[in-house]
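Before any comments, here is the structure.
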Amino acid sequence: MAPSSLRPLPQIVVLGTGGTIAGTATGDPSLPGYTAGVLGVEDLLKEVPTLGSLAQIQTEQVANVDSKDMTFAVWTRLAGRVMHWLAQPSIQACVITHGTDTLEETAYFLSLVLPLDKPVVLTAAMRPATALNADGPQNLLDAVRVATHPEARGIGVVCVLHGVVHAARDVAKINTHAVEAFSSGERGPLGEIEGEHLRLWRRTPPESGAPFALPAAEAWPRVELLSNVAGTDGAVVRCLVESPCLHPRLRGLVVAGTGGGTVSRELEAALEAAAAQGVSVKVASRVGPLRGGDDDGLSAVKLRVRLLLELAAIGTPLRP
Ligand code: ASP
């Protein structure tokens, strides 16, 4: 094998979608106020000059949004562009810069529509690019390290934040302000990056049913997410099912249930009536992963992502 100094650098693509990592201060950069999704992905790369010694990097700006405003149209475009790049034999991996708010949803969505062979690494930041102690540049460097690492082949879609590699299925944002804002819960992360080294402890098995077909931007069904809380009755469910205003009509409901996935008696009755009318109903837990069951302990937000893709694959049946 040629010495590493003579080997051509791996080729990757960094796709920008916005987020705090691309955010700029609205005033004094030492204070919290900022606007997410301002800088372009090229600007983010300029802050990390050492990237040039790790990979040959092309960039594409897919969107520039605060990820709280993530839409199905952006998801469709993003997945389509990742598929386009990864289909090229010369491209080894994609890195995606994203906001932290819906990072886990985008990552899980991508993990369900993309094949596992080439790494897709999402990264983000809790502090804007103009902050005195910005965390974005290090996270971007770590993400590129993982994307180009020989051991990462076949790893699928992962999130790299604060030196930790998380599986798309397990990762969740658990803190509103600290840079250690993400956790993989009971399953734990896949690995860590220390300096130049990547340590992978485990891999995620492929999900049953994946990869799902990528829905066209206008073909996403409506699946709403509710919570069982003190005082919840069935009224909201009945309104959602019967509402003539909803476009598209409701196809699925996910409930973040109490404890082991329980719901109030009134909500249960309303959900049963909804199911009898053809609405797909799934229940997760507000507390954490549910043990057993078909849904692999998915959080409510991820269960919704999976149901969206399952229903999109079925198409839109007529409801009575
Ligand atoms: N609201 C921002 C976003 O998700 C938060 C962040 O990126 O940390 O785009």
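Has the stretch 63-75 got at least one residue that is within 22 Å of Leu141 (Cβ to Cβ), touching a helix residue (DSSP H, G or I) at 6+ places or on another chain (Cβ under 6 Å), buried (at least 17 other Cβ atoms within 10 Å of the Cβ) and among the hydrophobic types (A, V, I, L, M, F, W, C)?
no
Name the residues in the stretch 142-199 that are among the hydrophobic types (A, V, I, L, M, F, W, C) and farther than 17 Å from Val95 by Cβ, would you?
Scanning the stretch 142-199 gives Ala172, Ile174, Ala178, Val179, Ala181.
Considering every residue within the stretch 135-144, establish whether at least one is of a type in the set (Asp, Glu), within 12 Å of the ligand (Cβ to nearest atom), surrounded by 21 or more Cβ atoms within 10 Å (Cβ to Cβ) and in contact (Cβ under 8 Å) with a residue 40 or more places away in the chain.
yes
Please find, within the stretch 147-192, the residue that is nearest to Tyr108 (Cα to Cα) out of those that are under 16 Å from the mean Cα position of the chain (by Cα) and of a type in the set (Ser, Thr, Tyr).
Ser184
Mind listing whichever residues of the stretch 113-128 are within 11 Å of the ligand (Cβ to nearest atom) and open to solvent by 20 Å² or more (accessible area, probe 1.4 Å)?
Scanning the stretch 113-128 gives Met126, Arg127.
Okay, residues lined up against (1) within 16 Å of the ligand (Cβ to nearest atom); (2) among the β-branched types (Val, Ile, Thr); (3) open to solvent by less than 50 Å² (accessible area, probe 1.4 Å); (4) not in a loop (DSSP other than H, G, I, E, B):
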site	(1), (2), (3), (4)
Val14	no, yes, yes, yes
Thr17	yes, yes, yes, yes
Leu45	no, no, yes, yes
Gln88	no, no, no, no
Glu104	yes, no, yes, yes
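Give the residue, chosen from Val255, Val305, that is under 19 Å from Val223 (Cα atoms), open to solvent by less than 20 Å² (accessible area, probe 1.4 Å) and under 19 Å from the mean Cα position of the chain (by Cα).
Val305
Which one is most open to solvent (accessible area, probe 1.4 Å) among residues in the stretch 23-37 that are within 12 Å of the ligand (Cβ to nearest atom) and either in contact with a helix residue (DSSP H, G or I) (Cβ under 6 Å, 6 or more places away or on another chain) or at pLDDT below 90 (or both)?
Pro32
So which residues in the stretch 51-79 are under 18 Å from Gly156 (Cβ atoms) and either away from the ligand (no atom under 16 Å from the Cβ) or part of a loop (DSSP other than H, G, I, E, B) (or both)?
Ala79
How many residues are open to solvent by 60 Å² or more (accessible area, probe 1.4 Å) and either without any contact (Cβ under 8 Å) to a residue 40 or more places away in the chain or over 24 Å from Arg127 (Cβ atoms) (or both) if we restrict to the stretch 163-191?
5
The values are calculated or read from the model by the stated rules, or taken from the named source; none is laboratory data. Keep in mind that what you see is a predicted model, and the values were worked out from it rather than measured. All Cβ positions, even for glycine, are placed from backbone atoms using ideal geometry, and neighbour counts span all protein chains on display. Accessible surface is based on the protein model in full, side chains and every heavy atom, while ligands, DNA and RNA are left aside. Shrake-Rupley method; radii C 1.70, N 1.55, O 1.52, S 1.80 Å.
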